[in-house]
Amino acid sequence: MPSAHTKSPRAASRTPLIEVTKLSKVYVNDAVETPVLFDIDLRVQSGEFMAIMGPSGSGKSTLMHILGFLDRPTHGKYRFLGKDTAGRTDDELAIIRATKVSFVFQAFHLLPRATVLENVMLPLLYHPTIPSAERQHRAQAAINAVGLFERTNFLTSQLSGGQKQRTAIARSLVTEPQVIFADEPTGNLDSVSGIQVMGALEKLHASGHTIILVTHERSTAEFADRIVHILDGRIASDSRSHSRRSSSGLTSLK
Amino acid sequence: MNTKDIIQSATKSISSNAKRTSLTILGIVIGVASVVLMISTGKSFQGYILDQINSFGSNTMDVIPKGFEKFGGNLESLTIEDYERIKRLSSVERVVPVIIVNRSVHYGREDMTPMVFGATSDIFGNYGMKLASGRLLDESDERGAQRSVVAAYQTALDLFGNRDPIGQRIVIGEESFTVVGTLKSAGSLLLSDLDKPVFIPFATARSMTGQRHVSYITLKTVGDSDIAKRDITELLRTRHRIDNSQDDPDLDDFIARSAEQVTSIISSVTLGLTVFLALIAGISLLVGGIGIMNIMLVTVSERTQEIGLRKALGARPRDILIQFLTEALALTCGGALVGLVLGAGTGWILSRIADRILGEFHFILSPFALVAAICMAVGTGLLFGVYPASKAARLDPIEALRYE
Ligand SMILES: Nc1ncnc2c1ncn2[C@@H]1O[C@H](COP(=O)(O)OP(=O)(O)O)[C@@H](O)[C@H]1O
Ligand SMILES: [Mg+2]
């Protein structure tokens, strides 16, 4: 895909999409302090496909929630598109979530009594600039992009797990965000559906999207170009993936 | 989220749980129905009473002696001379002196004690009484102090049954009278007293009793009834030598009372009663509101994950607040509409029953009741929706997403 090459070098040349320095997170519940992340330094450029990998409880989701503006760091600096994000109000964070970032969750989080189309249109309700007349058209394009055209008007409760997660991916696409966060997107799926879902993310990356994947499985992390290892809340290693996997060979195997 | 999105999402979530929704709004339905019922029944009843009074003619005024209960009171304070002088005032017309003759009435073996009114012929017009058969009393009856009598509807029926009353002879006290006419029924329970008396000429009553005072005087005012009242009051104070520079009605030995005054007293009493009943009914609306709050709290906790998701997708706290407030409002307004129809329908049925019993009872659905019901419903929705909705709006997105 040519777009991957035209889009990323310009962004990569100067301002990183995400730039985190000395970031730490301490949860405080009823005066009990749980430190979870320590001195995280991380830069992500637009167009990257990065995996955050580590054992369960190592702090991957916590980091992703902070990077995705669902949570705030306790200490340290987080610059997004070159701008410091400290001191943003809840409303400002909500607008960033509506326009700049999106999520794919392990548990799908689809509205069960709504159709695929309605679910994919949902983020557009909160988008400040996309006109309501364009919603359906954009949602349909996103659904087509994940290969669910024929399921457009199905209730999400009528879909298989893989189809549900692809609906969630379409939903994460529809606002054309700067970065898509996927937290264990294959965690609730069998291996074939998992590979299909990873294939969909791979395709998005190829068309220029920035993807940050959170997983505890090496086999899933290997779909990414870059793997950041987290152990006990610290970055243990940060490396380019040597043996990058692709869904195309794997799906034809079965 | 624009208004259309908000309303669509509210109606969708409400209709997805129809059975629970209908049980939830029952409290609001009953509350609004009873408010509407109370206000409209109160208004209808007030209208009924005022209609009755106005059917007498709105510009009727009675001048009555002050009773013995007031110090210096004297039931004989109004004289025939007072009547003659009041008659000459320009602010009044059709002045009728009335002597109530305290004698029993016999017809054959029937022995009755209806009120016997000795009055000049204008009394029928002043009280809006209509002739059923024969003729009314007239000037010649008065001039000759004739032994003529006109019987009101109920008494004519009681005395004569289905015989023709005209030309029958009845005995009042010791004297024999000829029935010259009968009256139509006044047509309602409230005025049923008007169906009972018999009427004889004033001159006849005067000669029978030999009295020089009148029981009371009834008249029609010309123009402003306040002016008539002032003229009469001044005249009688002078004639009765009452020094009343403070204009204190307690010092007078008479009362001049217009129908308007009675009307306004009745209006304010029934209004007070209506408001009181509506407030009690309003309490049931509050109870309904607590039901709404309860169900909204359940909804918020059931949909915690959805709220987390919406926040992750970019919903601001206020978007969530508005969404759940709208749902609460949609519930209460839906309940209010049903309650409105139910309350108005019940009120209408009751008014039909009242019409059978009381006669001439009209159903009034006051716009005030409609507005009050809608406002109360919106108020209840907001009052009891705000807490659950703001609870939803404040949820932490991550905790909400994780909530099981
Ligand atoms: N809200 C919270 N309050 C306290 N501790 C938390 C909270 N959320 C997560 N944790 C703790 O932080 C650690 C990291 O959690 P998480 O980021 O979910 O790990 P991962 O996604 O790598 O499995 C865990 O030990 C977890 O128990
Ligand atoms: Mg996790």
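Laboratory data are not the source of any read-out in this text; all were calculated from the coordinates shown. Because the structure is predicted, anything quoted here is derived from the model rather than measured. Quick reminder, even Gly has a Cβ in these numbers, built from the backbone with ideal geometry, and neighbours come from all protein chains shown.
A compact table of results
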| quantity | calculated |
| --- | --- |
| Label-point separation, A:D238 to B:D224 (7 Å along Cα→Cβ), nm | 9.4 nm |
| Degrees, to the nearest 10: A:2-13 long Cα axis against longest axis of chain A | 20 degrees |
| Choice from A:D41, A:D232, A:D30 with maximal GNM fluctuation in chain A (Cα, 10 Å cutoff) | A:D30 |
| Beta bridge orientation in the stretch B:78-252: antiparallel %, DSSP, nearest 5 | 75 percent |
| Local electrostatic count at A:V174 - Lys and Arg +1, Asp and Glu -1, tallied over other residues with Cβ under 14 Å | +3 |
| Estimated vicinal HN-Hα couplings, Hz - the stretch B:149-164 in sequence order (Karplus 6.51, -1.76, 1.60; Gly, Pro = x) | 9, 10, 9, 6, 3, 5, 5, 4, 5, 5, 6, 10, x, 9, 6, 6 |
| Candidates A:Q136, A:Q163, A:Q196, ranked by Gaussian network fluctuation over chain A, Cα under 10 Å, top entry | A:Q136 |
| Nearest 10 degrees, 0 to 90: helix A:135-145 Cα axis against chain A principal axis | 90 degrees |
| Those aspartates and glutamates that a straight Cα-Cα span of less than 13 Å connects to B:K12, excepting residues fewer than 8 apart in one chain | A:E118, B:E327 |
| Percent antiparallel among DSSP beta bridges (both partners in chain B, rounded to 5) | 80 percent |
| Backbone HN-Hα couplings from phi across the stretch B:125-135 [Karplus 6.51/-1.76/1.60, Hz, Gly and Pro as x] | x, 4, 8, x, 8, 10, 6, 9, 8, x, 9 |
| Local electrostatic count at A:V116 - Lys and Arg +1, Asp and Glu -1, tallied over other residues with Cβ under 13 Å | +3 |
| Placed amide H near B:L78: partners under 5 Å, 5+ positions off or other chain | B:V214 |
| Sparse-neighbour loop sites [GluC sites (Glu not before Pro); the stretch A:181-239; at most 14 other C-beta within 10 Å; DSSP] | A:E217 |
| Amide proton proximity set for A:F103, modelled H, under 5 Å, gap of 5+ | A:F181 |
| Proximal lysines to A:K77, defined as alpha-carbon separation beneath 17 angstrom and excluding residues fewer than eight positions away on the same chain | A:K22, A:K25 |
| Considering only the protein assembly as shown, percent of DSSP beta bridges that pair antiparallel, nearest 5 | 70 percent |
| C-alpha long axis of helix A:191-206 to longest principal axis of chain A, angle in ° | 80 degrees |
| Proximal charge balance of B:R316 [Cβ under 13 Å; K/R count +1, D/E count -1] | +2 |
| Values of log10 I(q)/I(0), in the order q = 0.12, 0.15, 0.20 Å⁻¹, for the stretch B:78-252 under a Debye, Cα-only, solvent-free model | -0.60, -0.86, -1.30 |
| Vicinal HN-Hα couplings computed from phi for the stretch B:383-396 (Karplus, 6.51 cos²θ - 1.76 cosθ + 1.60; Hz; Gly/Pro x) | 4, 9, x, 5, 5, x, 5, 6, 4, 5, 5, 8, 4, 6 |
| Residues with amide H under 5 Å from that of A:D238, placed H, sequence gap 5 or more | A:H229 |
| Volume of the Cα convex hull of chain B, divided per residue and given in Å³ | 204 Å³ |
| Euclidean distance between Cα centres, the stretch B:127-164 to the stretch B:320-399, Å | 55 Å |
| Of B:K196/B:K220; A:K60/A:K83; B:K311/B:K391, those spanning more than 21 Å from alpha-carbon to alpha-carbon | B:K196/B:K220; A:K60/A:K83 |
| Highest-fluctuation residue, A:I130, A:I211, A:I195 considered, GNM on chain A with Cα pairs under 10 Å | A:I130 |
